[in-house]
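**Student:** Let me begin by handing over the structure; questions about it come next.
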Amino acid sequence: MIKLLTVVGARPQFIKAAAISRMIRERYSDSIREIIVHTGQHYDHQMSDVFFKELEIPEPHHNLGIGSGNHGRQTGEMLMKLEAVFEKEQPDAVVVYGDTNSTVAAALAASKINLPVIHIEAGLRSFNKQMPEEINRIFTDHVSTLLFSPTRAGMDNLKNEGLLSGKQPPYSIDQPGIFHTGDIMYDNTLFFADKARESSGILAKLELKNKKFVLATIHRPVNTDSDDRLTGIMEALIEIPAAFGTDIVLPVHPRTAKKFESLHDSDLYRQLTPENGIHLIPAVSYLDMIMLEYSASLIITDSGGVQKEAWFMEKPVVILRTETEWTEIVAQGNGVLADANTKKIVEATGNYLKNQPVDFPKVYGNGNAAGEILEIVLNAAWK
């Protein structure tokens with residue numbers, strides 16, 4: 001029996017962790033014991049508690065209650081509290097996901113006390129080190145013992161940085177094992193899609209028709225914290241319903257909601273109304289989000305996870321960034337990097353509404369990434 005300590009803190013990690021936790025319960029309960037630590041990075045009810053319940057993730061054994069804050073304070077508090085948990089639990093390895101502050105704090109705290117780090121979703125690169133997530137990704141990969149990349153591009157990035165695959169066990173921080181296993185978010189999309197269609201009432205609640213609306217999400221600080229960028233995006237959202245006769249649904253992330261409060265009296269904000277085809281709604285549960293993605297005609301987002309979910313649902317995506325770590329989406333022609341440029345956002349949306357892409361090859365695996373990852377963890381010699 002090995003003891004894995006899983007660290008999560010944000011919505012994308014809850015989704016990824018759900019696939020691993022479910023597989024442990026169903027297939028590996030006699031050989032793996034999982035301890036779950038929630039840092040509290042996402043503390044809003046709709047961004048945290050609801051996800052644990054819907055995704056059937058066991059209640060965390062530890063909740064650090066960190067909350068929001070600037071990167072230094074948030075990461076520093078996580079480091080102190082995580083180290084104490086690691087010393088108490090004495091796991092065989094620490095499992096981290098993605099690229100958040102919770103990820104990098106757990107990886108640093110574990111590596112400092114010689115605990116092996118298992119990084120799921122390794123190797124992704126936007127090649128923009130002004131993004132905090134890029135720094136988190138690079139650092140975590142370089143202190144990990146087992147690295148699991150969801151894409152071939154991720155494997156190439158790791159090789160280019162000197163973390164060559166094909167090394168022989170036993171694996172360690174100095175000689176890591178690198179594996180291409182597909183994407184565990186795809187596992188979850190397949191698992192929960194039917195449940196979402198059966199139980200989600202979001203379409204009826206909003207009086208929306210299937211594929212008669214555009215889904216939008218905005219949450220990255222680069223967009224929410226810049227008046228110019230947020231204005232460019234809002235102007236595009238206002239123009240799209242009038243230009244193409246389609247409604248827009250925008251679940252408002254807590255960070256975006258806080259920014260909208262400061263703009264509440266502006267002429268621009270006052271145009272974001274259902275009468276103008278724009279539905280601002282609170283952050284939604286995972287099953288509701290899956291249903292909105294499944295039913296939308298296309299998706300506009302700055303989220304890495306939502307970009308992939310768009311691909312899984314075979315929907316085109318307009319990306320509100322200058323780069324993406326999911327390069328396959330753009331290379332295939334199913335996504336466009338529109339940044340916060342009003343004209344580019346509107347043009348890309350119009351092009352996709354008129355000409356929907358139909359080819360979505362299986363570049364993110366076969367839907368069994370969690371099983372493959374756990375088999376490797378159990379059978380690969382590592383220390």
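**Student:** Out of Leu374, Leu298, which single residue is of a type outside the set (Phe, Trp, Tyr) and in the same structural domain as Arg11 (by TED's automatic domain parsing)?
**Tutor:** Leu374
**Student:** Ok, one more. Got at least one residue in region 347-358 being under 30 Å from Ser199 (Cα atoms), in contact (Cβ under 8 Å) with a residue 40 or more places away in the chain, small (Gly, Ala, Ser) and surrounded by fewer than 21 Cβ atoms within 10 Å (Cβ to Cβ)?
**Tutor:** Checking region 347-358: not a single residue is under 30 Å from Ser199 (Cα atoms), in contact (Cβ under 8 Å) with a residue 40 or more places away in the chain, small (Gly, Ala, Ser) and surrounded by fewer than 21 Cβ atoms within 10 Å (Cβ to Cβ).
**Student:** Just give me the residues in region 109-120 being assigned to a helix (DSSP H, G or I) and crowded, with 19+ Cβ neighbours inside 10 Å, in sequence order.
**Tutor:** Ala109, Ala110, Ser111
**Student:** What number of residues within region 201-242 satisfy the criterion of being closer than 18 Å to Ala340 by Cα and not acidic (Asp, Glu)?
**Tutor:** Qualifying residue count, region 201-242: 23.
**Student:** How many residues are outside any helix (DSSP H, G or I), surrounded by fewer than 23 Cβ atoms within 10 Å (Cβ to Cβ) and not hydrophobic (A, V, I, L, M, F, W, C) when one looks only at region 335-346?
**Tutor:** Within region 335-346, residues that are outside any helix (DSSP H, G or I), surrounded by fewer than 23 Cβ atoms within 10 Å (Cβ to Cβ) and not hydrophobic (A, V, I, L, M, F, W, C) number 2.
**Student:** Given the conditions (1) surrounded by fewer than 22 Cβ atoms within 10 Å (Cβ to Cβ); (2) within 24 Å of Lys209 (Cα to Cα), report the number of the one that Trp382 does not fulfil.
**Tutor:** (2)
**Student:** Also, I was wondering about something else. Just one of the numbered conditions (1) in a loop (DSSP other than H, G, I, E, B); (2) surrounded by fewer than 23 Cβ atoms within 10 Å (Cβ to Cβ); (3) in contact with a strand residue (DSSP E or B) (Cβ under 6 Å, 6 or more places away or on another chain) is not true of Ser144; which one?
**Tutor:** It is condition (2) that Ser144 fails.
The values are calculated or read from the model by the stated rules, or taken from the named source; none is laboratory data. Quick caveat: nothing in here was measured; it's all calculated off a predicted structure. Please note: Cβ atoms are built from the backbone with ideal geometry, for glycine as well, and neighbour counts cover all protein chains shown.
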